[in-house]
Amino acid sequence: MINPHDNTEPRDMIVVKDLYKHYGHVKALNGVNLTVKKGKVIVVIGPSGSGKSTMLRCLNHLEKPTSGEVWIDGLLLGKDEKALNEARTEVGMVFQLFNLFPHLSVLENVTIAQKVVRGRSKDEATDIAMKQLKRVGIPEKADVFPTNLSGGQQQRVAIARSLAMNPKIMLFDEPTSALDPEMIKEVLDVMLDLAKEGMTMVCVTHEMGFARSAADEVLFMDEGLIVEHTTPHGLFNNPKEERTKLFLSQILQH
Amino acid sequence: MDNTPSISDENAGIQLKDISWWFLAIILIFVWAIYIFLTRENYQEAFNFIKIGIAVTIKTSLIAYAFAVALGLFAGLGRISKNIFFNNLSRLYVELIRGIPMLVLIFFIALVGVPMFVDGINAFGAWLVSIGLGVIGAPLSGFGNRAFTMNSRAIIALSVTYGAFLAEIFRAGIQSIGRGQMEAGRSLGMSYGQTMRHIILPQAVRNVLPALANDFVAMVKDSSLVSVLAVRDITQVSRLYAGSTFRFREAYITVSVMYLTLTVVLSLLVQLMERRLRNND
């Protein structure tokens with residue numbers, strides 16, 4: 001067994017080693033290696049089908065890798081479901097389509113996992129939920145059902161729902177891609193605040209503005225590989241790889 | 001249709017096609033039935049004889065349906081489970097039941113399945129006695145077929161049969177809930193079971209509530225099949241009445257009206273529920 005920390009700091013939040021994910025003969029990930037230090041904000045960009053969402057979903061084993069290792073805060077994710085559930089409480093995830101629970105009110109959406117997983121009492125869970133809803137700016141919607149919220153509001157509830165579990169890491173899977181343009185900012189603002197507060201974040205996004213202003217590091221992925229891993233400044237002003245240049249020229253020409 | 005004279009104006013717009021003629025016909029049947037039950041002595045006699053079976057019909061349907069829901073939920077979860085054993089067992093159960101006529105199943109379960117089960121329990125009890133666990137083993141080995149009355153065998157047979165139908169309804173209901181719901185639950189650290197219970201099933205059951213209720217109506221009707229086991233439900237009692245008096249007309253009109261009353265009332269309740277659910281969306 002290889003020592004997982006042979007060339008990384010033990011306290012690194014996320015360590016990914018030789019991650020492969022194949023669906024039949026479709027090779028979504030072809031050997032991804034990545035280390036994310038505590039408090040860093042990583043933005044992942046790349047063309048569609050490049051494996052960025054797959055990689056993100058492997059980080060909490062929502063997608064089981066074909067091979068390779070994922071370490072979360074020094075803990076190797078494995079086959080043991082119980083350990084996996086515990087690890088997932090430390091890793092919040094925000095989805096493109098929000099995935100709020102439509103049969104529960106906003107408040108219940110934010111309290112359910114706290115009660116079921118963390119074993120918090122109703123009062124405690126409600127307190128924490130209201131704090132998180134205030135943080136994302138919609139405490140007044142606590143008793144509303146998700147279908148009566150705008151997309152931006154729904155996504156903010158989804159963020160509050162994840163934060164209520166007190167995760168160490170937040171994963172964002174194209175959180176603004178399903179939103180109307182006027183609602184993108186309200187979600188990005190919440191994410192920016194979160195980044196400033198020192199949350200470790202990995203964001204798959206097409207919002208280059210967010211990458212510029214919030215990211216500590218930017219990953220450019222293509223064909224299941226990390227092609228370029230650098231600072232936002234480096235990536236946008238001085239891309240090294242041809243594929244990165246081509247991608248940037250396609251998305252930034254307007 | 002073009003030359004149909006339109007009688008509608010802005011205020012009163014009732015047309016022939018807007019009227020539920022079938023429903024009026026059913027009401028008419030009920031009115032006629034009430035009339036003959038009130039006026040004809042033969043029918044009164046038949047009614048008074050057959051009504052003693054109503055309790056059995058309702059009790060059998062209700063208990064069997066409760067077991068069928070539990071069994072169906074379990075098998076439905078099995079149908080979508082990734083566990084190979086559980087999945088295949090559920091599939092086998094559903095396919096076996098759906099491939100055999102209900103009447104044959106009722107004979108089989110009541111007259112072959114239950115005795116085989118009792119034999120198994122007896123053998124298990126005898127084995128326990130032989131290894132020195134007589135305290136538990138003795139009562140099990142002495143457990144007789146008589147412990148299962150025909151009424152309880154009928155309930156077992158109906159439950160097992162309907163469990164397979166309900167399993168498919170539950171499966172469809174669970175599969176109608178998007179993948180994202182399970183993923184959201186799991187990403188919050190909830191286990192598969194917890195997500196199923198708190199997130200997926202409440203939504204799935206709500207989606208299939210009308211289908212579940214329809215199957216209850218169907219079960220009330222199919223409960224008449226248990227008359228072949230001599231269970232004294234309204235079908236069996238009316239057969240007895242017809243057999244002893246040769247008043248077939250009175251017997252079968254009476255029992256038909258009884259079933260129709262039960263099913264029409266239940267169907268109306270189902271429709272009401274469906275409307276409620278739709279309005280809540």
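The values are calculated or read from the model by the stated rules, or taken from the named source; none is laboratory data. Owing to the predicted nature of the structure, the values given are computational and were not obtained by experimental measurement. For neighbour counting, all protein chains shown are included, and Cβ atoms are generated from backbone atoms with ideal geometry for every residue, glycine included. The accessibility values were calculated without ligands, DNA or RNA, using every heavy atom of the protein model including side chains. Shrake-Rupley method; radii C 1.70, N 1.55, O 1.52, S 1.80 Å.
Looking only at segment B:193-222, residues that are open to solvent by 30 Å² or more (accessible area, probe 1.4 Å) and within 9 Å of chain A (Cβ to nearest Cβ) come to 5 in all.
The lone criterion from (1) assigned to a helix (DSSP H, G or I); (2) open to solvent by less than 50 Å² (accessible area, probe 1.4 Å) left unmet by B:M190 is number (1). Restricting attention to segment A:113-136, the residues that are in contact with a Leu (Cβ under 8 Å, 6 or more places away or on another chain) and open to solvent by 80 Å² or more (accessible area, probe 1.4 Å) total 1. Look at segment B:150-178: where a residue is among the hydrophobic types (A, V, I, L, M, F, W, C) and a partner is outside any helix (DSSP H, G or I) and open to solvent by less than 30 Å² (accessible area, probe 1.4 Å), sitting 6+ places away or on another chain with Cβ atoms under 6 Å, you get B:M150/B:V231; B:A154/B:V231.
Scanning segment B:174-187 for residues that are facing another protein chain (nearest Cβ under 7 Å) and either among the hydroxyl-bearing types (S, T, Y) or not in a helix (DSSP H, G or I) (or both) gives a single hit, B:S187. The single condition among (1) β-branched (V, I, T); (2) outside any helix (DSSP H, G or I); (3) open to solvent by less than 10 Å² (accessible area, probe 1.4 Å) that A:V157 does not meet is (2). Out of curiosity, is A:G39 touching a residue at least 60 places away in the same chain (Cβ under 8 Å), within 23 Å of A:A214 (Cβ to Cβ), surrounded by 22 or more Cβ atoms within 10 Å (Cβ to Cβ) and not acidic (D, E)? So A:G39 does not fit the description; no. Note on segment B:90-140: residues that are β-branched (V, I, T), part of a helix (DSSP H, G or I) and more than 21 Å from the chain's Cα centre (by Cα) total 6. Do we find a residue being open to solvent by less than 20 Å² (accessible area, probe 1.4 Å) and under 23 Å from A:T111 (Cα atoms) anywhere in segment A:64-84? Yes, some residue in segment A:64-84 is open to solvent by less than 20 Å² (accessible area, probe 1.4 Å) and under 23 Å from A:T111 (Cα atoms). The set of residues from segment B:75-94 being touching a residue at least 12 places away in the same chain (Cβ under 8 Å) and not aliphatic (A, V, I, L, M) comprises B:G76, B:G78, B:R79, B:S90, B:R91, B:Y93. Of all residues in segment B:95-128, those being over 22 Å from B:S152 (Cβ atoms) and touching a residue at least 12 places away in the same chain (Cβ under 8 Å) number 3.
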